[in-house]
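Notes to accompany the following structure.
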Amino acid sequence: MPGVRGFADPNVQVNPDGRTTFQQPVSSKQSTAVTQLTPYYFNYLGGDWFDATRCTSGGGYSWQAMHESYNNGLSNQWVAGNSPNSMGYFKRQDIPTHFDVADGWTVADMYQEAILAATDPNRIIWMTGTVNNPGTPSNPDGQGDMMLDNSATPGCEGPHLNCFPMQWKSYAEYLQEAGVSWQVYQDPDNFEVRPSSMQNDARLTLQVQDNMLAYFQQYQDASNDTNNPLTKYGNSYIGLNKFYEDAKSGNLPEVSWIIGPGELTEHQPYLPSDGAWLYNQIIDAITSGASAKDTALIISYDEVGGYMDHVVPFHAPSGTTGEWMQDPYNISGYTPVGPGYRVPMMIVSPWTRGGNVFTEPADHNSQIMFVEEWLEAQGYTNVRSAEVPPWRRAHMSNLLNAFDFDHPDYSIPTVASAPAPLTTPGPEPSDGPIGALSGNYVGAAKCAADHPTAHPPIPYNEANANQNMTLATEEGFKPVRGALTEGRYLTFEFAGFALTNNHGRIGFSRASSKHNDIKQRWVLHQQGDADSDVFSIGSALDGSYITNRLSLSKDKGSAQQFTITYLGNGNGYTAQFGGQSLTMGAGQSLMASRRRPSRGFDIFSVTYHS
């Protein structure tokens, strides 16, 4: 997608071996034709692969697989240590609904899974703020039990490791105590993974949870009391039809968790098109409902699903309490718990319309912190979770800057419709937009039956190994929201003019509607961690840097460091140094002013092949 931190990343990490994180080493057992593999389009062969790859899969995504891929910060074992299948990707034509939602509202391109691990621990953090690892607020002395993988069996795998059931406080309990209405909307299933091959209708079922509240002792103790709030609102499985009804009528509670049927989660081998259909149902119910003008929908994925990400995870410095630990699986030694690699996250609301990219570092804790801020703004007290680790609270975004609360846009963009999931008749009738009863979706089974091989051949060839990844990206732009981070080409615009490198002289010139003039394109170089607001600014035209004299120099050492601040709610960005702010002077010159402007630069993230 253009305008996001993706294949055109100008700040991609280069490792000591000279390879970027796009150029993943290949072992001799995998191929002798090349020594590296770069991301490849799943359907590069065309033909039947467009249908077959709908039920394909990436690599591993367990604690072990994620930490091996991470490889102590080199992030270079996605192929040799994980799987070459992790390098595949889809294009807009394959998943048009997903692209349309991101282009219609706001997509976050620095949103990370909360832990370098699989589904359960990430969802546990999503619903509680922690996995209770040593040093976290709920387990300060390390004597509590933690959950690091998909291991929901009674007891513990090892001392304090993957202990079931869990007993710390969920965020829903904070809401209940504060008098905030809430509900988990979920069909009767709690996620099932079925094998791709089925014989004589015999089905082996691996039952795991997507609603993590069912893992907790307090919810299990309440399970026989239908009037207990933990059961009534957390584990009643009232169905998504009830959500659609409540959204349409304006009767949604203040906070909702929506957990779709397992077959619609896009988890391998389930189809992205079926997940897109669920997008359509939920977004339509909200945007056409009675509360469309005061509802925000956050769409997020729990973990990476075994798919490679070139951005090395932003995490706490080594030794940070609650953020680093000795690997209990004896794979990675002393290692960060998380946050992990980036996952998709989009926000659908009147305050996020416009095809924006939100650039602040965030993880699943960010959703809890956003709800905290929102509730406190309404006058609620005691809604801050004590479980959210201090480093996350200090360094992960609370998502407020993704919203422009002063300029809501109630229009609805066009979103591609997805075909209804393939179903078989259920044991009893059901009505409403969810269609058949969960458990009767058979799209993945049919895909597997029609295409026994869902993985295309890995393109171990020179064309792939040496490709220019920028050319794999669509051209275009997105307006930027939030504190800035590296990884994009940007334009700085003010009153219809854009900051310009006019062949060695710096000033302003008329901005183009497509923001595609390379002379107006700039690259930020972050000074410090991924949440630092200090940058040097380089030109994409010739690699020169803006100096303290507001001139351009190829000497990196003369680059001025600027503090770039997001003013929020449509007010743009300021760039300051030495107590002065950059602004446009007479004759479209670049000048510094002692007065801090109330209206700053508009910034666009742009992707062009030139």
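The values are calculated or read from the model by the stated rules, or taken from the named source; none is laboratory data. These numbers were taken from a predicted model, which means no experiment stands behind them. Glycine also receives a Cβ, built like all others from the backbone with ideal geometry; neighbour counts cover every protein chain displayed.
Observations on the structure shown:
- Which numbered condition Ala530 misses (of (1) within 30 Å of Leu400 (Cβ to Cβ); (2) in a strand (DSSP E or B)): (2)
- Pick from region 546-584, criterion in contact with a Gly (Cβ under 9 Å, 6 or more places away or on another chain) and exposed (fewer than 14 other Cβ atoms within 10 Å of the Cβ), ranking: farthest from Leu484 (Cα to Cα): Lys554
- The single condition among (1) out of contact with any Leu (no Cβ under 6 Å at 6 or more places or on another chain); (2) surrounded by fewer than 20 Cβ atoms within 10 Å (Cβ to Cβ); (3) assigned to a loop (DSSP other than H, G, I, E, B); (4) modelled with pLDDT of 95 or more that Asn330 does not meet is (4).
- Scanning region 281-291 for residues that are surrounded by 18 or more Cβ atoms within 10 Å (Cβ to Cβ) and not in a loop (DSSP other than H, G, I, E, B) yields Gln281, Ile282, Ile283, Ala285, Ile286, Thr287.
- Some residue of region 340-350 being within 29 Å of Ser291 (Cβ to Cβ), at pLDDT 95 or above and more than 16 Å from the chain's Cα centre (by Cα): yes
- Residue in region 470-488 that is more than 26 Å from Gln93 (Cβ to Cβ), at pLDDT 95 or above, among the polar types (S, T, N, Q) and out of contact with any Cys (no Cβ under 6 Å at 6 or more places or on another chain) present: yes
- Once region 139-178 is narrowed to residues that are at pLDDT 95 or above and among the charged types (D, E, K, R), the residue that is surrounded by the fewest Cβ atoms within 10 Å (Cβ to Cβ) is Asp141.
- Each residue in region 473-510 was checked for being under 16 Å from Met591 (Cβ atoms) and assigned to a loop (DSSP other than H, G, I, E, B), and 1 pass.
- Single residue of region 377-411 satisfying the filter (among the hydrophobic types (A, V, I, L, M, F, W, C) and in a helix (DSSP H, G or I)) that is nearest to the chain's Cα centre (by Cα): Ala402
- Failed item in (1) of a type in the set (A, V, I, L, M, F, W, C); (2) crowded, with 23+ Cβ neighbours inside 10 Å; (3) assigned to a helix (DSSP H, G or I), with Ala80 passing the rest: (2)
- The set of residues in region 13-52 that are touching a residue at least 60 places away in the same chain (Cβ under 8 Å), over 17 Å from Phe90 (Cβ atoms) and part of a strand (DSSP E or B) comprises Thr20, Gln24, Gln36, Leu37.
- Filter result for Tyr460 (touching a strand residue (DSSP E or B) at 6+ places or on another chain (Cβ under 9 Å) and free of Cβ contacts under 8 Å to residues at least 40 places away in the same chain): no
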